[in-house]
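Q: First the structure, then my questions, so here it is.
The values are calculated or read from the model by the stated rules, or taken from the named source; none is laboratory data. A quick note: this is a predicted structure, and the numbers were derived from the prediction, not measured. Cβ placement follows ideal geometry from the backbone for every residue including glycine, while neighbour counts extend to all protein chains displayed. Surface accessibility is based on the protein's heavy atoms, side chains included, excluding ligands, DNA and RNA. Shrake-Rupley method; radii C 1.70, N 1.55, O 1.52, S 1.80 Å.
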Amino acid sequence: MSASPPPSDRAPAAPRHPKAPPIPAHPGLEVLEDEVVWGQRFALQRVRFRYTRFDGTPSGILTWELWRRGQGVVILPYDPATDRIGLIAQFRLPALAAGLAPVMTECPAGLLEAGEDPEASGRRELAEETGLAAQGMARIGAFMLMQGGCDEVVHFFCARCDLSAAGEESHGLVAEHEDTRLQVLPAEEAFRLVADNRIENAPAALALLWLQVNRPRLRAEWNKA
(Lines give C-alpha, C1' and ligand atoms only; values in the text may rest on other atoms or scores of the structure.)
Protein backbone atom coordinates (compact mmCIF):
# COMPACT_ATOMS: atom_id res chain seq x y z
CA MET A 1 0.00 0.00 0.00
CA SER A 2 1.45 3.37 -0.99
CA ALA A 3 1.96 5.98 1.66
CA SER A 4 -0.43 8.95 1.81
CA PRO A 5 0.97 12.04 0.14
CA PRO A 6 2.27 14.70 2.48
CA PRO A 7 -0.25 17.46 3.28
CA SER A 8 1.41 19.90 0.88
CA ASP A 9 0.80 17.48 -2.04
CA ARG A 10 -2.89 16.85 -1.37
CA ALA A 11 -5.55 18.49 -3.49
CA PRO A 12 -7.22 21.39 -1.68
CA ALA A 13 -10.63 20.62 -0.22
CA ALA A 14 -13.57 21.84 -2.25
CA PRO A 15 -15.13 25.01 -0.82
CA ARG A 16 -18.14 24.37 1.35
CA HIS A 17 -21.53 25.26 -0.10
CA PRO A 18 -22.30 28.86 0.93
CA LYS A 19 -25.79 27.89 2.13
CA ALA A 20 -24.52 25.00 4.27
CA PRO A 21 -22.14 26.28 6.95
CA PRO A 22 -21.26 23.94 9.82
CA ILE A 23 -23.87 23.58 12.55
CA PRO A 24 -23.21 26.26 15.19
CA ALA A 25 -22.21 25.29 18.71
CA HIS A 26 -24.99 25.04 21.26
CA PRO A 27 -25.00 24.00 24.94
CA GLY A 28 -25.74 20.31 25.25
CA LEU A 29 -25.31 19.62 21.51
CA GLU A 30 -22.59 17.25 20.32
CA VAL A 31 -22.09 17.11 16.56
CA LEU A 32 -20.42 13.84 15.56
CA GLU A 33 -20.46 14.27 11.78
CA ASP A 34 -21.42 17.18 9.54
CA GLU A 35 -21.13 16.79 5.77
CA VAL A 36 -22.68 18.32 2.67
CA VAL A 37 -23.93 15.40 0.58
CA TRP A 38 -25.50 17.45 -2.21
CA GLY A 39 -24.73 20.97 -3.33
CA GLN A 40 -26.38 22.60 -6.30
CA ARG A 41 -28.73 25.59 -6.06
CA PHE A 42 -29.50 24.41 -2.52
CA ALA A 43 -27.56 22.07 -0.27
CA LEU A 44 -28.40 18.88 1.59
CA GLN A 45 -26.46 18.42 4.78
CA ARG A 46 -26.23 15.14 6.74
CA VAL A 47 -25.58 15.59 10.44
CA ARG A 48 -25.04 12.93 13.12
CA PHE A 49 -25.51 14.35 16.59
CA ARG A 50 -26.80 13.93 20.09
CA TYR A 51 -28.38 16.56 22.33
CA THR A 52 -29.23 16.95 26.01
CA ARG A 53 -32.79 15.90 26.82
CA PHE A 54 -35.10 17.87 29.13
CA ASP A 55 -34.16 15.61 32.06
CA GLY A 56 -30.45 16.33 31.54
CA THR A 57 -29.51 12.97 30.05
CA PRO A 58 -27.92 12.63 26.59
CA SER A 59 -30.16 11.59 23.73
CA GLY A 60 -29.40 8.70 21.45
CA ILE A 61 -27.41 9.40 18.30
CA LEU A 62 -29.55 10.91 15.55
CA THR A 63 -28.85 11.28 11.82
CA TRP A 64 -30.79 14.05 10.13
CA GLU A 65 -30.80 15.28 6.55
CA LEU A 66 -31.03 19.07 6.61
CA TRP A 67 -32.20 20.97 3.52
CA ARG A 68 -30.45 24.35 3.49
CA ARG A 69 -32.50 27.00 1.66
CA GLY A 70 -31.59 30.20 3.49
CA GLN A 71 -34.22 32.92 3.88
CA GLY A 72 -37.37 33.69 1.94
CA VAL A 73 -40.12 36.27 1.76
CA VAL A 74 -43.91 36.10 1.34
CA ILE A 75 -46.07 39.08 0.33
CA LEU A 76 -49.85 39.42 0.69
CA PRO A 77 -51.15 42.26 -1.55
CA TYR A 78 -54.12 44.10 0.00
CA ASP A 79 -56.09 47.11 -1.20
CA PRO A 80 -57.71 48.84 1.82
CA ALA A 81 -59.79 51.13 -0.38
CA THR A 82 -61.60 48.34 -2.28
CA ASP A 83 -61.09 45.71 0.47
CA ARG A 84 -59.66 43.26 -2.04
CA ILE A 85 -56.76 40.83 -1.88
CA GLY A 86 -54.32 39.75 -4.58
CA LEU A 87 -53.23 36.11 -4.79
CA ILE A 88 -51.41 34.19 -7.50
CA ALA A 89 -51.81 30.77 -9.09
CA GLN A 90 -48.86 28.77 -10.38
CA PHE A 91 -47.79 25.21 -11.12
CA ARG A 92 -46.08 23.40 -8.23
CA LEU A 93 -44.42 20.03 -8.91
CA PRO A 94 -44.16 19.12 -5.18
CA ALA A 95 -47.92 19.58 -4.82
CA LEU A 96 -48.47 17.05 -7.60
CA ALA A 97 -46.01 14.66 -5.96
CA ALA A 98 -47.99 15.00 -2.70
CA GLY A 99 -51.22 14.03 -4.43
CA LEU A 100 -52.66 17.56 -4.54
CA ALA A 101 -53.73 19.69 -7.49
CA PRO A 102 -50.50 21.05 -8.99
CA VAL A 103 -51.82 24.58 -9.64
CA MET A 104 -51.88 26.22 -6.24
CA THR A 105 -53.43 29.47 -5.05
CA GLU A 106 -50.80 31.23 -3.01
CA CYS A 107 -49.02 34.49 -2.19
CA PRO A 108 -46.18 36.04 -4.19
CA ALA A 109 -42.95 34.76 -2.68
CA GLY A 110 -39.26 34.23 -3.31
CA LEU A 111 -35.80 33.84 -1.86
CA LEU A 112 -33.62 36.60 -0.48
CA GLU A 113 -30.41 37.35 -2.31
CA ALA A 114 -27.28 37.25 -0.15
CA GLY A 115 -27.39 40.20 2.26
CA GLU A 116 -30.69 41.47 0.85
CA ASP A 117 -33.16 43.31 3.06
CA PRO A 118 -36.38 41.26 3.44
CA GLU A 119 -38.68 44.19 2.69
CA ALA A 120 -36.70 45.11 -0.43
CA SER A 121 -36.86 41.48 -1.54
CA GLY A 122 -40.61 41.47 -0.97
CA ARG A 123 -41.12 44.53 -3.12
CA ARG A 124 -39.05 42.94 -5.89
CA GLU A 125 -40.92 39.63 -5.78
CA LEU A 126 -44.27 41.43 -5.72
CA ALA A 127 -43.41 43.34 -8.89
CA GLU A 128 -42.03 40.26 -10.68
CA GLU A 129 -44.91 37.92 -9.89
CA THR A 130 -47.91 40.30 -9.97
CA GLY A 131 -46.83 43.51 -11.72
CA LEU A 132 -47.95 45.42 -8.61
CA ALA A 133 -46.08 48.12 -6.69
CA ALA A 134 -46.22 48.27 -2.91
CA GLN A 135 -47.40 51.65 -1.62
CA GLY A 136 -46.72 50.57 1.95
CA MET A 137 -45.63 47.48 3.86
CA ALA A 138 -46.78 45.98 7.15
CA ARG A 139 -44.57 43.31 8.71
CA ILE A 140 -46.41 40.14 9.68
CA GLY A 141 -43.47 38.22 11.16
CA ALA A 142 -40.77 35.65 10.42
CA PHE A 143 -41.52 31.94 10.60
CA MET A 144 -39.99 28.54 9.91
CA LEU A 145 -42.26 26.43 7.71
CA MET A 146 -40.44 23.06 7.89
CA GLN A 147 -38.53 23.09 11.18
CA GLY A 148 -38.26 19.29 11.10
CA GLY A 149 -36.04 19.24 8.03
CA CYS A 150 -35.29 22.66 6.51
CA ASP A 151 -33.52 25.76 7.85
CA GLU A 152 -35.54 28.26 5.78
CA VAL A 153 -36.83 31.29 7.69
CA VAL A 154 -39.54 33.18 5.79
CA HIS A 155 -40.32 36.87 6.31
CA PHE A 156 -44.00 37.74 5.83
CA PHE A 157 -45.35 41.15 4.81
CA CYS A 158 -48.70 42.60 3.86
CA ALA A 159 -48.32 45.09 1.01
CA ARG A 160 -50.65 48.01 0.45
CA CYS A 161 -51.52 47.90 -3.25
CA ASP A 162 -53.93 49.54 -5.67
CA LEU A 163 -56.02 46.65 -6.99
CA SER A 164 -58.81 48.79 -8.44
CA ALA A 165 -57.79 48.08 -12.05
CA ALA A 166 -56.00 44.76 -11.55
CA GLY A 167 -57.33 41.71 -13.36
CA GLU A 168 -56.24 38.17 -14.16
CA GLU A 169 -52.88 38.67 -15.82
CA SER A 170 -49.82 36.46 -16.22
CA HIS A 171 -46.44 37.52 -14.84
CA GLY A 172 -43.10 36.05 -13.79
CA LEU A 173 -39.46 36.15 -14.87
CA VAL A 174 -39.00 34.71 -18.35
CA ALA A 175 -35.40 33.75 -17.55
CA GLU A 176 -36.65 31.55 -14.68
CA HIS A 177 -39.59 30.14 -16.69
CA GLU A 178 -42.05 31.57 -14.17
CA ASP A 179 -45.73 31.68 -15.04
CA THR A 180 -47.83 33.31 -12.32
CA ARG A 181 -51.45 34.37 -12.75
CA LEU A 182 -52.75 37.24 -10.60
CA GLN A 183 -56.15 36.69 -9.00
CA VAL A 184 -58.00 39.52 -7.22
CA LEU A 185 -60.69 38.57 -4.71
CA PRO A 186 -62.89 40.37 -2.18
CA ALA A 187 -61.33 39.95 1.26
CA GLU A 188 -64.19 37.86 2.64
CA GLU A 189 -63.99 35.49 -0.33
CA ALA A 190 -60.25 35.04 0.19
CA PHE A 191 -60.81 34.30 3.88
CA ARG A 192 -63.39 31.64 2.96
CA LEU A 193 -60.73 29.88 0.86
CA VAL A 194 -58.81 29.28 4.07
CA ALA A 195 -61.89 28.30 6.08
CA ASP A 196 -62.87 25.77 3.41
CA ASN A 197 -59.30 24.41 3.10
CA ARG A 198 -59.16 25.46 -0.53
CA ILE A 199 -55.85 27.13 0.33
CA GLU A 200 -53.53 24.15 0.72
CA ASN A 201 -50.21 25.86 1.43
CA ALA A 202 -49.18 27.19 4.83
CA PRO A 203 -47.72 30.58 3.78
CA ALA A 204 -50.92 31.81 2.10
CA ALA A 205 -53.10 30.47 4.91
CA LEU A 206 -50.96 32.10 7.59
CA ALA A 207 -50.88 35.46 5.79
CA LEU A 208 -54.63 35.46 5.18
CA LEU A 209 -55.43 34.55 8.78
CA TRP A 210 -53.18 37.39 9.95
CA LEU A 211 -54.99 39.84 7.68
CA GLN A 212 -58.37 38.58 8.83
CA VAL A 213 -57.42 39.61 12.37
CA ASN A 214 -55.64 42.86 11.47
CA ARG A 215 -57.82 44.08 8.58
CA PRO A 216 -59.85 46.66 10.58
CA ARG A 217 -56.67 48.27 11.91
CA LEU A 218 -54.94 48.28 8.53
CA ARG A 219 -57.97 49.77 6.76
CA ALA A 220 -58.17 52.55 9.33
CA GLU A 221 -54.44 53.32 9.11
CA TRP A 222 -53.94 52.95 5.35
CA ASN A 223 -57.15 54.67 4.24
CA LYS A 224 -56.18 57.64 6.40
CA ALA A 225 -52.75 57.94 4.78
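Q: Which distance in nm do the two modelled labels at residue 50 and residue 16 give, with both placed 7 Å along the Cα-to-Cβ direction?
A: Taking the two extended label points, one gets 2.3 nm.
Q: How much area per residue is accessible in the chain when the probe is 1.4 Å and only protein heavy atoms are counted (Å²)?
A: 59 Å²
Q: Right, here's the next one. Assigning unit charges at the beta carbon (Lys, Arg +1; Asp, Glu -1) and nothing else, what dipole magnitude in debye, to the nearest 20, does region 50-119 show about its Cα centre?
A: 460 debye
Q: Where does each of 210-220, 81-91, 158-168 land if you order them by average Cβ count within 10 Å, highest first?
A: Result, highest mean Cβ count within 10 Å first: 81-91, 158-168, 210-220.
Q: Short version: ³J(HN,Hα) in whole Hz for each residue of region 178-189, in order, from phi by Karplus 6.51 cos²θ - 1.76 cosθ + 1.60 (θ = phi - 60°), x for Gly and Pro, what are they?
A: 7, 9, 10, 10, 6, 10, 10, 10, x, 3, 4, 5
Q: On to the next question. What whole-number volume per residue, in cubic angstrom, does the convex hull of the C-alpha atoms of region 68-119 give?
A: On the way: hull volume 4.9 nm³, N = 52.
Cα-based convex hull of region 68-119, divided per residue, equals 94 Å³.
Q: Modelled label-to-label distance, residue 31 and residue 135, 7 Å Cα→beta-carbon offset: nm?
A: Roughly 4.8 nm, to one decimal.
Q: For a paramagnetic label modelled at 7 Å from the Cα of residue 192 toward its Cβ, which residues of region 101-127 fall within the zone defined by backbone nitrogen distances under 19 Å?
A: Residues 105-106 fall inside that zone.
Q: Expected output is a single nm value to one decimal: the length gained when fully extending between residue 98 and residue 178, i.e. 0.36 nm times separation in residues minus the C-alpha distance. What is it?
A: Here the answer is 26.7 nm.
Q: Compare the Cα positions of 52, 72, 108 along the charge dipole of the chain (+1 at Cβ of Lys, Arg; -1 at Cβ of Asp, Glu; about the Cα centre) and return the one farthest towards the positive end.
A: So the residue furthest toward the plus end is 52.
Q: 222 nm [θ] for the chain, helices only, -39500 (n - 2.57) per DSSP H run of 4+, per residue, to 500? Please list the in-between numbers first.
A: Working: 4 runs with 50 residues, N = 225.
Helix-only estimate at 222 nm: -7000 deg cm²/dmol.
Q: If you roll a 1.4 Å probe over region 146-225 with all protein chains in place, what percent of the accessible area is carbon or sulfur?
A: The computed percentage sits at 51.
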